[in-house]
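To keep things clear, I will list the structure first and then write my remarks on it.
Each reported figure results from applying straightforward, stated rules to the coordinates on display, with no laboratory input. Because the structure is predicted, anything quoted here is derived from the model rather than measured. Neighbour counts are summed over all protein chains in view; Cβ atoms, including those assigned to glycine, are modelled from backbone coordinates with ideal geometry.
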């Protein structure tokens with residue numbers, strides 16, 4: 001297979017690393033608008049499969065031209081580029097998956113499903129961690145239980161050694177983080193699609209030592225298409241983000257005061273956008289590197305049973321890949337390889353909970369050392 005990775009940032013690096021390990025993948029195009037970044041990643045990969053390519057995501061002819069002849073592509077670009085990249089993939093007749101992150105853009109991608117189907121290709125949005133991997137485990141659990149009343153999704157990427165005041169490190173883009181904290185959260189409650197305010201409904205959650213007692217609260221984006229997919233089959237479906245205790249209590253007042261607002265304010269006769277300042281301060285004061293951990297728990301209740309999927313993944317010092325890179329980029333790589341090999345035959349733009357074979361996906365995670373434990377209990 002020949003697969004293109006669009007974007008050579010942290011997630012592009014993780015996806016390209018995983019692709020290099022596959023004997024089925026013969027060539028990986030490392031695509032970036034800056035030649036130095038693409039070449040730097042190719043050099044780090046130390047593989048003859050890696051081919052650095054300079055191209056601008058805002059130039060249709062460049063992207064369509066390089067996608068032609070590829071079996072699949074992964075968009076590791078900021079989500080604002082994804083809709084145009086989907087259009088490029090349709091023109092090039094190339095299978096595509098992206099890391100998603102914005103449900104409004106995903107809806108626009110889904111609206112292009114007939115065009116993708118006519119092009120004979122498959123496009124799958126939101127193929128990261130959450131949204132992403134969690135959707136596939138919800139699908140797996142629903143198929144096993146058959147009748148499901150409640151789905152509870154809890155996910156968080158955290159520093160292994162938290163530092164005050166927020167106990168957090170930037171494991172992905174600061175812009176994406178703020179979006180999670182300010183946009184409405186789409187959930188299922190009493191079987192109805194419902195919007196809930198972010199940074200609310202704080203609950204205590206526990207993981208095995210050394211993580212222990214943590215907190216989880218409403219944030220946007222993690223459910224993606226799941227509420228729409230399972231409306232009519234599930235009464236309650238809720239996603240919450242995991243943080244160290246006290247994070248929400250500090251963050252919510254700052255958001256309530258308007259620090260995450262994009263509306264300009266006048267300060268000393270200067271127009272200032274609070275969100276830009278807030279992002280700059282977070283980038284300046286929060287760590288962006290160091291050992292991290294990703295915690296995941298998907299719990300389904302139904303038919304008197306409780307079915308759980310739990311994962312604890314750690315920074316890998318041998319490869320230098322963070323847990324967030326492993327659990328976000330590796331799933332995208334797995335799905336891209338399924339697309340390129342023809343393992344996913346459904347055509348059009350389709351959510352992954354309706355297209356990715358869950359058992360096979362689970363097995364592929366295990367091959368990469370990402371362990372997801374399944375547990376059955378009687379319903380409490």
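Once the piece of chain linking residue 236 and residue 34 is laid out straight, how much longer is it, given 0.36 nm per residue of separation minus the C-alpha distance between them? Numbers along the way, then the final one.
Numbers: separation 202, 0.36 × 202 = 72.72 nm, distance 4.50 nm.
Computed gain between residue 236 and residue 34 is 68.2 nm.
Which option, (i) -0.22, -0.63, -1.26, -1.43; (ii) -0.32, -0.84, -1.24, -1.29; (iii) -0.19, -0.56, -1.15, -1.33, is the value of log10 I(q)/I(0) by the Debye sum over Cα atoms at q = 0.06, 0.10, 0.14, 0.15 Å⁻¹ that was calculated from these coordinates?
Identified label for the calculated read-out: (i).
Just rank 71, 256, 269, fewest to most, by other beta-carbon atoms within 10 angstrom.
On the way: 71 20, 256 10, 269 5.
The most exposed by this proxy come first: 269, 256, 71.
Roughly how far apart, in whole Å, are the Cα centres of region 148-222 and region 338-367?
Between the Cα centres of region 148-222 and region 338-367 lies a distance of 26 Å.
For region 241-278 and region 38-80, what is the centre-to-centre distance using only Cα atoms, to the nearest Å?
35
Computed FRET efficiency, Cβ-Cβ of residue 147 and residue 197, R0 30 Å: what is it to the nearest 0.05?
Values: r = 30 Å, r/R0 = 1.01.
My answer for the efficiency is 0.50.
With each run of n ≥ 4 DSSP H residues scored as -39500 (n - 2.57), what mean residue ellipticity at 222 nm is computed for the chain after dividing by its residue count and rounding to the nearest 500 deg cm²/dmol?
For the chain, the value works out to -10500 deg cm²/dmol.
Rounded, prolate or oblate, given the Cα gyration tensor of region 271-331, with a/c below 1.5 counting as rounded? Walk me through the numbers before you get to the answer.
Numbers: a/c = 3.76, a/b = 1.59, b/c = 2.36.
Cα axes put region 271-331 in the oblate bin.
Quick one: order 286, 6, 66 by neighbouring beta-carbon count within 10 Å, fewest to most.
Numbers: 286 18, 6 29, 66 21.
Sorted ascending by nearby Cβ count, the order is 286, 66, 6.
Arranged by the count of other C-beta atoms within 10 angstrom, fewest first, what order do 86, 142 take? It would help to have the intermediate numbers written out before the result.
On the way: 86 25, 142 22.
The most exposed by this proxy come first: 142, 86.
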